[in-house]
Amino acid sequence: MIQAIALLLAFQLAGETLRVALHLPVPGPVIGMALLLVWLVLRGGPDDALRGTSGTLLQHLSLMFVPAGTGVMLHAGRLADEAWPIAVALVASTLLGLLATGLSLHFLTRHRSGSPR
Amino acid sequence: MNGDAMTEIWVYLSAQPLLWLTLTLAVYILAIALHRRAGGHPAANPVLISVSILVALLLLTGTPYQRYFDGAQFVHFLLGPTTVALAIPLHSQLKRLVSMAGPLVIALMIGSLTAGLSAYAIGSLLGASAPTVASLAPKSVTTPIAMGIAERLGGLASLTAVFVILTGIFGAIFADGILKRVGVKDEASVGFALGLASHGIGTARAFQLSEQTGAFAALAMGLNGLFTAITLPWLLPLMAAIIR
């Protein structure tokens, strides 16, 4: 497990380094994710330890958003002042984004010979 | 134990990172139990339940957010390595992702532009203030990218983080039900839409549905972050000129 965590952190560190060095607009962990994907392709896949540790972390991805989410209390004032436009813009644009993405991918791929599984 | 001793213990503990770190985990475990009890219903969203309980606790005890975060930052830190770990499900679905590359890129462009520009347009037309609108526009993108984009547009980074989280929770609760209603049920489309419109929280929801759905969500989250960071900063001024 420790090796797997060290590996994930090393890829995150590599991602951060690339981001700062090349002034990339994408955060370090996302670059780290891309680098790890390349590494997995070259290696032919993750070992059991990496698969297990990643599985545990991903199973609790929701937990990692709780500390930042609790920060909502800092903005109660502005949220209350502009509640209406914020609520409508947030809900409507998220729905539009969901439908635009889901429907376009659905229609672009439905003629394929049945998706596997 | 008398009241003074209780107060003394509280004063000591409430200044330690240990207390709020432990409470964050305990509240999350409770939220997961409630989510299971509700049969995995999306409305019993673990992030929503945890945040609601923690905000109530902080307000009741008069604890400032900064003191809470001193403890909770250890959990927050795990977001980085966990994002890196998304490479594993992406790798296991790689063949399928590559075989769908064309449709995925088109859906990415349509979905990303729709989510970002509609947030900006609706917010502006309803009279939200300029910093609020600039903070709303990148709300479908994962937090660190969204905060960077909002700052370039004249928004507030911390307000953007809140919109990102609210968007994530909203999408995680409603996405699969709404998509099912319009006949979109395949794992690829549901997952890709969840990750694109609701970033990491949508991706967490997608993993509750299946690993395949989660892999498509993780891909959409990464691609939309990149695409939005490149397009939104020059598209929004254009949009602003049209609306005015």
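The values are calculated or read from the model by the stated rules, or taken from the named source; none is laboratory data. Being a predicted model, the structure only gives us computed values, none of them experimental. Note that we place each Cβ from the backbone using ideal geometry, even for glycine, and neighbour counts take in every protein chain shown.
A few comments on the model shown:
- Scope segment B:47-75; condition within 24 Å of B:Gly195 (Cβ to Cβ) and either touching a residue at least 24 places away in the same chain (Cβ under 8 Å) or assigned by TED's automatic domain parsing to the domain that holds B:Ser210 (or both); matching residues: B:Val47, B:Leu48, B:Ser50, B:Val51, B:Val75
- Pairs where the first residue, in segment A:91-108, is closer than 8 Å to B:Ala107 by Cα and the second is surrounded by 22 or more Cβ atoms within 10 Å (Cβ to Cβ) and aromatic (Phe, Trp, Tyr), C-beta under 9 Å, 6+ apart: A:Thr101/B:Phe192; A:Gly102/B:Phe192; A:Leu105/B:Phe192; A:Leu105/B:Phe216
- Long-range neighbours under 7 Å by Cβ, at least six apart or interchain, first residue within 15 Å of A:Leu40 (Cα to Cα) within segment B:84-112, second part of a helix (DSSP H, G or I) and basic (Lys, Arg): B:Ile88/A:Arg51
- Of all residues in segment A:60-102, those being among the polar types (S, T, N, Q) and more than 7 Å from chain B (Cβ to nearest Cβ) number 0.
- Options B:Arg181, B:Arg205: the member that is over 23 Å from A:Ala83 (Cα atoms) and touching a helix residue (DSSP H, G or I) at 6+ places or on another chain (Cβ under 6 Å): B:Arg205
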